[in-house]
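What follows is a single structure, written as structure tokens, with notes after it.
The values are calculated or read from the model by the stated rules, or taken from the named source; none is laboratory data. Bear in mind the structure is a predicted one, so any value in this text is a computation, not a measurement. Methodologically, a virtual Cβ is constructed for each residue, glycine included, from the backbone with ideal geometry; neighbour enumeration extends over all protein chains shown. Heavy atoms of the whole protein, side chains included, go into the accessibility calculation; ligands, DNA and RNA do not. Shrake-Rupley method; radii C 1.70, N 1.55, O 1.52, S 1.80 Å.
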Amino acid sequence: MKKTWWKEAVVYQIYPRSFQDSNGDGIGDLQGILAKLDYLKDLGIDVIWLSPIYKSPNDDNGYDISDYYDIMDEFGTMEDFDRLLAEVHNRGMKLIMDLVVNHTSDEHPWFIESRSSKDNAKRDYYIWRHGKEGKEPNNWESFFSGSVWEYDETTDEYYLHLFSKKQPDLNWENPAVIDEIHKMVKWWLDKGIDGFRVDAINHIGKADGLPDDPHPEENFWTVGYRYFANLPKVHKQIRSLHQEVLSRYDIMTVGETSGVGPTEALLYVEEGREEFNMVFQFEHMSIDSGPGGKWDVRPWSLLDLKSVMGKWQKELYGRGWNALYFNNHDQPRAVSRFGDDAKYWKESAKLLATYIHTLCGTPYVYQGEEIGMTNVAFDTIDAYRDVEILNMYKEKAVEQGQDAKTVMHSIYAKGRDNSRTPMQWDAGLQAGFTTGTPWIQVNPNYTRINVKQQLQDSDSILAYYRQLIRLRKQHEVMVYGDYQLILADHPEIYAYTRTFGDAHLLVVLNFFAGTPVFQLPAQLELRSFKLLISNYPEDSATNIETFTLRPYEARVYAYE
Ligand code: TEU
Ligand code: CA
């Protein structure tokens with residue numbers, strides 16, 4: 001197995017809008033991030049991933065770009081960025097940007113020109129079609145509710161947008177678009193950034209002819225979705241970007257590719273494919289969703305998590321590489337979703353972190369997860385900001401007349417704003433995020449959950465993350481070790497070993513509030529063992545053959 005820096009790294013994702021405001025306008029910014037670099041260095045972070053900071057009208061908080069070559073006004077200037085990059089490098093850390101090229105903002109000059117007339121040079125930078133019998137060109141559904149088509153009066157045609165109507169999809173069949181993207185990516189890499197997280201890249205290829213989905217009544221995620229997700233044609237474009245640009249730099253790349261299983265993911269990440277180093281898959285993010293998708297909230301089972309993640313660990317081992325995460329700006333907070341953000345808040349936050357950091361792959365820490373930030377439940381829809389939430393609420397509660405309380409509960413469980421409330425730095429005004437009025441309300445539990453309090457508590461979640469990350473640097477078996485599941489059928493205990501040469505780890509995780517008894521399988525022989533980390537005080541009487549686990553208890557042993 002080839003050893004590289006991006007396999008050994010821990011990545012920290014910053015959602016700049018909610019991280020730290022330096023000028024009191026209630027919006028996070030680059031100077032705010034600069035002020036927190038030592039905090040990240042002290043945590044042990046190697047790579048920082050910035051969600052988009054380019055010029056944007058912020059319909060989707062930066063994922064709608066209107067100028068790839070400049071910084072959005074709210075976040076500061078290009079000089080601020082250059083200084084931030086230099087200071088990140090001065091601390092021995094790296095910085096990767098979010099590359100959003102499936103679509104632009106409708107306020108990008110390319111789109112303004114494209115929509116101006118049917119015969120202008122940039123018309124085919126985007127995907128325009130005539131209506132069909134006075135309706136949209138086909139029946140595909142947008143991720144942000146409604147049709148993927150928006151009618152444009154000027155030229156009496158529709159343009160395609162998989163996301164919001166202010167995010168028109170670029171036409172990746174057009175060589176001029178590909179040239180523009182390659183040029184822009186090279187420009188940023190020549191500035192010295194260390195790679196990219198590549199947004200929604202699995203959607204850049206659409207089915208030839210843009211055909212109707214013949215079964216719109218069926219499950220969107222298995223039928224319609226397949227007309228614009230992970231089509232074979234996307235690999236040609238990604239490989240071209242790799243060969244023409246990415247391959248010329250010592251960088252890391254992580255593609256965002258929802259809808260793939262490990263076999264399909266290998267088409268993106270297998271060594272030799274010359275596409276991405278790793279991808280964010282979503283299979284473990286749907287174990288609590290029904291056939292209706294993310295808003296169809298269902299209970300999840302540990303056996304599902306074991307089978308999904310076990311597949312990824314086994315199939316990519318030695319062939320590709322996993323990106324390991326439970327949290328990001330699109331997902332609800334894991335401690336509320338898969339842990340217990342009430343009685344066993346601290347224990348379960350540490351348990352979930354232990355899991356992500358002891359699998360084989362690169363762990364991603366999303367801002368606030370390192371202090372156990374939780375979901376939020378605002379009283380009214382007016383407190384929410386996310387375009388996906390607002391569109392869904394309008395479609396379900398207003399237009400379809402679904403029960404508003406039920407819709408709000410699905411937002412409380414799965415809404416993206418759960419992870420977009422301001423970072424909780426201290427128990428002071430607005431959690432120390434801003435001296436002004438935050439663009440979105442702070443989670444009221446900031447007085448109890450904040451960085452300042454946890455920096456002073458050696459038993460805090462923050463201290464535990466620092467310890468976990470440090471362990472990773474001391475034990476390469478945590479990075480490169482082969483994953484072997486044990487106790488496969490246990491409904492509460494998730495246990496596995498990691499092996500790399502003669503280094504071994506035994507990881508034992510109790511994912512619930514019960515007190516199950518761990519039985520070491522007969523085939524496992526531990527001549528000697530040492531507890532490396534746990535979220536409980538060490539039980540000195542431990543008989544490694546069998547011991548009772550405490551609620552949400554995590555133990556990691558090194559053994560021979
Ligand atoms: O998310 C894209 C994304 O999540 C889809 O690829 C996925 O298939 C769908 O949501 C179902 O899970 C990225 C960004 O992370 C997100 O914040 C943006 O809103 C979106 O792209 C558009 O840029
Ligand atoms: Ca600001």
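Multiply the residue gap between Val517 and Ser116 by 0.36 nm, knock off their C-alpha separation, and tell me the result in nm, one decimal place.
Difference between extended and current length: 137.5 nm.
Which FRET efficiency value, to the nearest 0.05, is calculated for His89 and Thr447 with the Förster distance at 30 angstrom and r the Cβ-Cβ distance?
My answer for the efficiency is 0.25.
Quick one: angle between helix 78-90 and the longest Cα principal axis of the chain, in degrees between 0 and 90, rounded to 10, please.
20 degrees
Provide the per residue accessible area, probe 1.4 Å, for the chain, rounded to a whole number of square angstrom.
38 Å²
Strictly over 24 Å apart at the Cα level, which of Lys118/Lys166; Lys311/Lys473; Lys233/Lys294; Lys311/Lys530; Lys41/Lys473 would you flag in this model?
The pairs that break the limit, which is 24 Å between Cα atoms, are Lys311/Lys473; Lys233/Lys294; Lys311/Lys530.
Helix 233-244 against the longest principal axis of the chain: what's the angle in degrees, Cα atoms only, rounded to the nearest 10?
Between helix and principal axis, roughly 80 degrees.
Tell me the mean residue ellipticity at 222 nm calculated for the chain from its helices only (DSSP H runs of n ≥ 4, each -39500 (n - 2.57), averaged over every residue, nearest 500).
Value at 222 nm, helices only, nearest 500: -7500 deg cm²/dmol.
Could you check the simple spin-label distance between Leu524 and Asp190, using points 7 Å along Cα→Cβ, in nm with one decimal?
Result for the modelled spin labels: 5.4 nm.
For segment 474-482, what does the Karplus curve 6.51 cos²θ - 1.76 cosθ + 1.60, with θ = phi - 60°, yield as ³J(HN,Hα) per residue in whole Hz, taken in order and with x for Gly and Pro?
Each residue of segment 474-482 in turn: 8, 10, 5, 5, 5, 7, 9, x, 6 Hz.
Report for the chain the percent antiparallel among DSSP-assigned beta bridges with both residues inside it, nearest 5.
Percentage antiparallel, nearest 5: 65.
Whole-Hz Karplus ³J(HN,Hα) for segment 542-552, in order, using 6.51 cos²θ - 1.76 cosθ + 1.60 and θ = phi - 60°, x for Gly and Pro?
So the J values, rounded to whole Hz, are 4, 9, 4, 5, 7, 8, 8, 8, 8, x, 6.
Taking R0 as 56 Å, what FRET efficiency do you get between Arg319 and Ala383 from their Cβ-Cβ distance, rounded to the nearest 0.05?
Computed FRET efficiency for Arg319 and Ala383: 0.80.
Given a cut-off of 27 Å, name the pairs among Lys350/Lys414; Lys94/Lys452; Lys186/Lys206; Lys343/Lys405; Lys135/Lys405 whose C-alpha atoms lie farther apart than that in the structure shown.
From Lys350/Lys414; Lys94/Lys452; Lys186/Lys206; Lys343/Lys405; Lys135/Lys405, over 27 Å: Lys135/Lys405.
Between rounded, prolate and oblate, where does segment 55-124 land on the alpha carbon gyration tensor, with a ≥ b ≥ c its root eigenvalues, rounded for a/c under 1.5, else prolate if a/b exceeds b/c?
Numbers: a/c = 2.94, a/b = 2.66, b/c = 1.11.
Prolate shape, in that a/c is at least 1.5 and a/b is the bigger ratio.
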